[in-house]
1. What number of residues in the stretch 103-123 are surrounded by fewer than 24 Cβ atoms within 10 Å (Cβ to Cβ) and within 21 Å of Thr68 (Cα to Cα)?
2. Name the single residue, out of those in the stretch 110-161 being β-branched (Val, Ile, Thr) and assigned to a helix (DSSP H, G or I), that is modelled with the highest pLDDT.
3. Looking at this structure, is Arg174 charged (D, E, K, R) and at pLDDT 95 or above?
4. Exactly one condition in (1) touching a helix residue (DSSP H, G or I) at 6+ places or on another chain (Cβ under 7 Å); (2) closer than 20 Å to Asp108 by Cβ is not met by Thr80; state its number.
5. Counting only residues that are within 18 Å of Arg161 (Cα to Cα), in contact with a strand residue (DSSP E or B) (Cβ under 9 Å, 6 or more places away or on another chain) and assigned to a helix (DSSP H, G or I), how many does the stretch 295-336 have?
6. Considering every residue within the stretch 82-90, establish whether at least one is modelled with pLDDT of 50 or more, touching a strand residue (DSSP E or B) at 6+ places or on another chain (Cβ under 8 Å) and either surrounded by 12 or more Cβ atoms within 10 Å (Cβ to Cβ) or under 21 Å from Leu237 (Cβ atoms) (or both).
7. Pull up the stretch 210-243, narrow it to residues that are over 23 Å from Leu164 (Cβ atoms) and not polar (S, T, N, Q), then point me to the one that is surrounded by the most Cβ atoms within 10 Å (Cβ to Cβ).
8. Given the options Gly186, Gly250, name the one that is of a type outside the set (Phe, Trp, Tyr), in a helix (DSSP H, G or I) and under 20 Å from Thr172 (Cα atoms).
Amino acid sequence: MRATWLRLVVALAASLALAPPVSAQPAAGRVPRVGVLWGGPITFARPYLNAGLQAMRELGWIEGQNITIEYRFGPPPPATEADRLAVLTANAQDLARLKVDVIVAAADPAVEAARRATSTIPIVMLAVGDAVATGFISSLARPGGNITGIGALSVELSGKRLELLKQIAPRTTRVAVLWNPANPAGSLGFREIERAAQQLHVTLQSLPVRSTPEIAPAFATLAQERAEGLIVVTDPLTWLTRREIVELAGKSRVPAAFELREYVDIGGFVSYGPSLVTMSRRVAFFVDRILKGAKPGTLPVELPTHFELVINLKAAAGLGLTIPQSVTVRADHVVP
């Protein structure tokens with residue numbers, strides 16, 4: 001399957017893994033300050049923040065010693081996209097007023113809020129659907145401006161997840177798509193699935209959701225229209241409500257394909273996409289470079305080079321499906 005975000009240079013990765021931590025020295029004895037702008041509540045962010053902090057320590061940056069971190073989080077469900085953007089905008093403006101040295105912004109709404117708040121403070125983005133199409137950067141190689149970082153290629157892989165469902169259940173002809181039209185990444189992902197559906201001769205059922213209360217009715221529509229499969233386009237809304245989505249997909253007895261393995265770990269059927277933990281660790285590289293003087297506009301945006309295929313056998317059994325060997329042999333993880 002096709003690769004996506006995060007271009008890790010093998011030699012660089014090996015050197016970072018093997019070399020002892022380098023003591024990071026702030027200029028003129030000043031302790032640098034990093035702002036973290038996360039699209040959801042801290043309870044959802046903790047594993048990825050911990051991964052990033054560990055990577056920072058490996059590069060010599062230790063919170064509370066030679067670096068200070070200002071954390072700002074988005075609202076929990078059932079916040080609407082308008083509510084989320086309002087909170088993130090206020091938080092981004094707060095970080096700009098504090099004059100942090102760099103802002104780490106996770107997901108499209110957080111990056112958009114940070115971009116509106118400042119055009120001078122470097123912004124390191126994490127897990128953005130398509131940074132060029134959304135206008136965050138000029139190009140991957142030369143992002144320009146004050147934004148760089150890591151995407152997720154969730155848009156490009158949306159069609160691959162439809163192909164995956166067809167490989168598992170070849171007779172599938174009608175697939176529902178749960179997506180958030182209030183998020184630009186959601187719209188881009190849906191259009192990518194539309195293109196794949198034409199090639200695979202699959203009829204799509206659009207299930208747009210803009211807030212948490214719309215999710216359950218969307219599944220009721222899915223059942224009425226007798227969809228044979230489901231694709232979930234990841235964005236802050238569908239990510240923060242993933243437990244509800246997985247439970248409703250199970251009750252609807254419909255095979256669902258997700259982007260991230262976290263959906264499968266809690267009972268989802270199958271996922272194909274990059275590792276959010278790996279991407280969170282890689283953010284440290286950009287923060288380190290910027291704190292040492294690099295300009296964000298000259299740091300190429302990275303895309304993942306490895307994508308996990310994760311299959312939940314218990315979920316498959318509950319759906320009465322047998323996973324073809326051609327799919328299982330490619331799986332990176334199999335949940336029993």
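The values are calculated or read from the model by the stated rules, or taken from the named source; none is laboratory data. Since the structure is predicted, the reported quantities are computational estimates derived from the model, not experimental observations. Using ideal geometry, Cβ is built from the backbone for each residue, glycine included, and neighbour counts are taken over all protein chains shown.
1. 4
2. Val111
3. The answer is yes for Arg174.
4. Condition (1) is where Thr80 drops out.
5. Matching residues across the stretch 295-336 total 5.
6. Of the residues in the stretch 82-90, the ones modelled with pLDDT of 50 or more are 82-90.
Narrowing the set further to residues that are touching a strand residue (DSSP E or B) at 6+ places or on another chain (Cβ under 8 Å) leaves 88.
Subsequent filtering for residues that are either surrounded by 12 or more Cβ atoms within 10 Å (Cβ to Cβ) or under 21 Å from Leu237 (Cβ atoms) (or both) retains 88.
Checking the stretch 82-90: at least one residue is modelled with pLDDT of 50 or more, touching a strand residue (DSSP E or B) at 6+ places or on another chain (Cβ under 8 Å) and either surrounded by 12 or more Cβ atoms within 10 Å (Cβ to Cβ) or under 21 Å from Leu237 (Cβ atoms) (or both).
7. Looking at the filtered set, the residue picked out is Pro236.
8. None of the other options fit; the residue is Gly250.
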